[in-house]
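To start, the structure itself, in structure tokens.
The values are calculated or read from the model by the stated rules, or taken from the named source; none is laboratory data. All values reported here derive from a predicted model rather than from experimental measurement. Cβ: placed from backbone, ideal geometry, glycine included. Neighbour counts: every protein chain shown. Each accessible area value is taken on the protein alone, full model and side chains, heavy atoms only, with ligands, DNA and RNA left out. Shrake-Rupley method; radii C 1.70, N 1.55, O 1.52, S 1.80 Å.
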Amino acid sequence: MSQKNVRKHKRPQSDEEEQTSKKRKIQLETSAINSQIAKEPRLSPALFSDTCEIQHGSLHQLLKYAVLGKAHSTQASWCSIHHQKRLRGVVVIVLEDLSQHHFYQFYMHFVCLRGLFQHRFSLPPPPTDFISSLVGLDLDDDKARTEARAGSNHLHRRLNDPINKRNSSSATKCNPILRKYGKERLGLTRYLLSEEEMRTNDYPCVGSPDTEHFVHSNCMEDPTDSSSLFGLDCEMCLTTQGSELTRVSLVDASGCCVMDELVVPDNPIKNYLTRFSGITKKMLLPVKTKLKNVQEKLKEILPKDAVLVGHSLNNDLRALQMIHPNIIDTALLFARDCGRKFRLKFLAQEVLQIDIQNKDLDGHMPIEDAVAALKLAQYFIEFGPEKVAHLNLESMFKDAYKVLNTEGDKISEIKENGVAPHLQSQHTDKSSLVDSLQKVGQKISYVTRMDAVNSPTCLAQFENVLCASNEEVLKRANEVVPLSPLTIVNYQPGDIFRRHNVGTNEKVIRKYEEMMTIFAGPFKEPVCLKSVKVHFQSCGPIHSLNIILDTCQPYVCIKYSVLEAAQLAVKHLDGTYVNGCCIKVQRLITRMTLDYEDIIKEMEEDPENRDTIYVSGFMKHLTENFLQQQFGHFKEIKAIFAPKNQRSQQNEKYCFIKFQSPRSAAVAAADICTHGGFMCQKAVTSSHFLHWFQDAVLSTPLHTELMLENNPKAYLSEIIKNTDMKMNQIYKNLPGNTLCLLLFPGNNRDGGVLPGFGLMGIKTDHM
């Protein structure tokens with residue numbers, strides 16, 4: 001794309017913005033636009049990543065390429081650097097003990113940082129030595145683990161590796177499996193999903209409003225530890241009515257197939273999803289079996305106390321339109337922190353040492369997947385949760401992150417008038433950044449306080465600048481930045497953040513939860529919650545909906561999952577008629593949400609959100625084809641992000657659309673509201689915020705009384721404001737064409753586990 005064409009797409013600017021743009025000639029763009037604005041370095045972060053949490057290894061790869069270029073490294077898949085040779089240096093500022101929750105707790109106080117850095121990303125909780133992970137000093141451990149995986153005795157070698165034992169011991173202290181099941185080996189009944197867990201994870205249950213036409217398996221006897229296990233897996237296609245069953249496979253406890261049936265859907269097929277299901281039109285042509293036939297066959301095969309095993313089995317049972325009470329779900333059994341799940345392929349590879357879902361084959365083999373899930377459950381039952389915890393699967397996952405098939409976590413993007421190619425992970429170079437720097441005779445400048453925790457001051461690869469105080473750290477940082485290709489500044493905003501208070505994290509989450517909560521009413525008794533839900537879910541996903549009877553007339557409390565949904569409800573549903581009542585829609589106001597209007601206004605104008613709109617009101621889960629049909633005619637779309645429901649793993653019924661300018665976003669929003677029949681407004685939540693908040697809600701106890709902080713909020717605010725101004729000063733003093741990363745490492749010690757956060761940008765010659 002020519003420079004002339006790029007300029008056509010620039011958004012119109014106010015006088016104030018025009019003055020700012022003169023100082024910032026370099027614009028950081030998304031990878032969807034491959035323009036050549038200037039021969040100056042710039043960043044192209046991957047937009048709206050569904051896995052927007054950047055692993056520490058991926059961060060190391062970005063730094064290595066930024067410092068050394070393509071002669072020693074490859075581009076990171078999640079962020080490209082254009083004209084890397086023109087970079088004068090890389091500066092990494094680590095704000096020790098701060099996390100992503102601090103950024104949103106004090107969002108309004110980070111005035112400078114929000115304006116300076118246009119690109120942000122989430123980080124997982126930090127490893128023991130965060131600085132070492134940034135520069136690749138832990139790669140030797142990674143190589144040992146990779147070599148161990150290659151042998152047939154892979155699992156034995158990993159568990160007996162001295163380094164891995166230390167890592168594993170540390171990781172198991174707060175392992176979610178041990179927290180849930182303890183250390184003792186238990187019978188299979190301990191690992192059955194409770195009725196509450198089934199409802200929480202979207203399993204079809206008796207009495208659920210959306211399962212009225214479902215068939216019960218008739219397995220009514222209470223299971224025992226000697227009950228029969230059966231592995232189940234299904235494949236689906238896309239019909240005019242949505243997802244429908246095309247194949248069902250059932251294996252017994254020995255792994256022998258007892259049922260493998262192709263099924264003809266009741267409705268016309270729109271997409272066979274061959275890439276995933278392996279089902280083709282030719283395969284189904286001679287098939288006469290219908291859904292009701294396989295339902296009856298399953299009821300005949302399964303004993304009265306049968307236990308079904310599968311990976312995210314809720315989707316399979318919904319495709320079968322069956323209710324079964326005794327379930328072991330391996331996606332939940334081998335749980336990760338914050339409710340995240342491992343993929344079946346990964347678990348089979350790392351726990352069982354078997355390779356499934358081969359890329360050379362078209363689609364999954366349901367018998368193979370059913371056997372894998374069954375054997376995983378049997379492994380868990382036989383060896384117990386303590387041994388599973390010692391496998392240190394989270395560490396394994398990070399090692400294998402770049403080579404796993406991530407088809408289940410792909411990004412929905414639209415480029416120009418078509419669907420853009422999905423982003424693919426790349427394999428990082430084997431040598432670390434410090435090793436490569438040593439080969440070319442360079443060192444890393446490291447500025448830190450002498451009493452800093454985990455300071456790598458004894459390492460020869462570091463040119464250490466040891467300081468007596470925070471003030472000296474800031475002073476020396478400005479002096480040493482030009483002397484090395486990479487400078488790391490370790491700054492401690494205040495010792496107060498070392499003593500992480502879990503209640504503080506709860507308080508931040510509660511604040512945003514309350515900002516997403518509205519009250520509607522008054523209604524006449526009895527209140528039909530179903531019609532209220534239909535009315536309000538057009539604004540966005542509803543987290544919970546409850547009737548309030550403490551008032552003279554009943555009201556309904558509606559808690560949404562995104563801020564935009566609450567905004568739309570207040571704007572568009574206030575004064576409307578529901579159940580024959582003219583209702584008022586209003587927000588909850590507490591001392592924590594008194595400044596919510598200011599926060600939302602600032603979030604709307606955030607660089608990540610000002611050219612993005614939120615669209616809701618869809619009747620079905622979103623697909624790429626549907627999104628392209630609805631919005632493909634907008635020529636200035638950069639990308640579309642359709643978040644996934646963490647329970648069902650289906651795309652939600654809302655999306656975010658990123659445009660090339662705020663003007664094109666506003667024009668599209670008006671067109672969508674007028675002609676599209678949907679509801680939309682300016683975006684408030686960026687993808688990393690959504691990812692962080694959803695994970696935090698899953699890991700934070702709800703409806704608990706919050707303790708007041710031991711330290712005055714005013715004191716904390718002053719620390720943050722002071723830090724914001726000091727980081728602004730460091731940034732302004734950087735030489736032009738310097739890549740700067742500001743990292744909140746998070747916390748992973750002293751009983752607190754908090755994810756980290758990153759901001760990045762290139763300081764231009766014109767600032």
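Of all residues in the range 50-63, those satisfying the criterion of being surrounded by fewer than 22 Cβ atoms within 10 Å (Cβ to Cβ) and either in a loop (DSSP other than H, G, I, E, B) or modelled with pLDDT under 60 (or both) are D50, T51, Q55.
Is there a residue being hydrophobic (A, V, I, L, M, F, W, C) and either open to solvent by 50 Å² or more (accessible area, probe 1.4 Å) or closer than 28 Å to H621 by Cα (or both) anywhere in the range 222-230? Can you show your working first?
Step one: of the range 222-230, the residues hydrophobic (A, V, I, L, M, F, W, C) are 229-230.
So of that shortlist, the ones also either open to solvent by 50 Å² or more (accessible area, probe 1.4 Å) or closer than 28 Å to H621 by Cα (or both) come out as none.
For the range 222-230, residues hydrophobic (A, V, I, L, M, F, W, C) and either open to solvent by 50 Å² or more (accessible area, probe 1.4 Å) or closer than 28 Å to H621 by Cα (or both): absent.
Suppose the filter is touching a His at 6+ places or on another chain (Cβ under 7 Å), of a type outside the set (V, I, T) and modelled with pLDDT under 85; does S648 pass it? Criteria not met by S648. Every listed requirement among (1) part of a helix (DSSP H, G or I); (2) touching a residue at least 60 places away in the same chain (Cβ under 8 Å); (3) touching a strand residue (DSSP E or B) at 6+ places or on another chain (Cβ under 7 Å); (4) over 30 Å from D222 (Cα atoms) is met by M283 save one, (2).
For L549, the conditions (1) open to solvent by less than 30 Å² (accessible area, probe 1.4 Å); (2) more than 26 Å from Y104 (Cα to Cα); (3) without any contact (Cβ under 8 Å) to a residue 60 or more places away in the chain are fulfilled apart from (1). Among the candidates L529, L486, the residue that is open to solvent by less than 10 Å² (accessible area, probe 1.4 Å), of a type outside the set (G, A, S) and either over 27 Å from Q100 (Cβ atoms) or modelled with pLDDT of 85 or more (or both) is uniquely L486. Scanning the range 233-275 for residues that are part of a strand (DSSP E or B), touching a Pro at 6+ places or on another chain (Cβ under 6 Å) and surrounded by fewer than 22 Cβ atoms within 10 Å (Cβ to Cβ) yields T239, E244.
Count, please, the residues in the range 206-221 that happen to be over 30 Å from S531 (Cα atoms) and either within 35 Å of the chain's Cα centre (by Cα) or open to solvent by less than 20 Å² (accessible area, probe 1.4 Å) (or both). Here the count works out to 2.
Taken over the range 580-606, the criterion of being out of contact with any Lys or Arg (no Cβ under 8 Å at 6 or more places or on another chain) and either crowded, with 16+ Cβ neighbours inside 10 Å or under 23 Å from F678 (Cβ atoms) (or both) is satisfied by I583, V585, R587, L588, I599, I600, M603.
Which residue is modelled with the lowest pLDDT, if the candidates are limited to the range 420-464 and must be among the hydroxyl-bearing types (S, T, Y) and within 20 Å of V489 (Cα to Cα)? In this case the residue turns out to be T457. For the range 107-137, residues that are in a helix (DSSP H, G or I) and either under 19 Å from V434 (Cβ atoms) or open to solvent by 10 Å² or more (accessible area, probe 1.4 Å) (or both) total 13. Just to be sure before I move on: is Y104 part of a helix (DSSP H, G or I), modelled with pLDDT of 90 or more and over 20 Å from V489 (Cβ atoms) in the structure I sent? When the stated conditions are applied, Y104 does not pass them.
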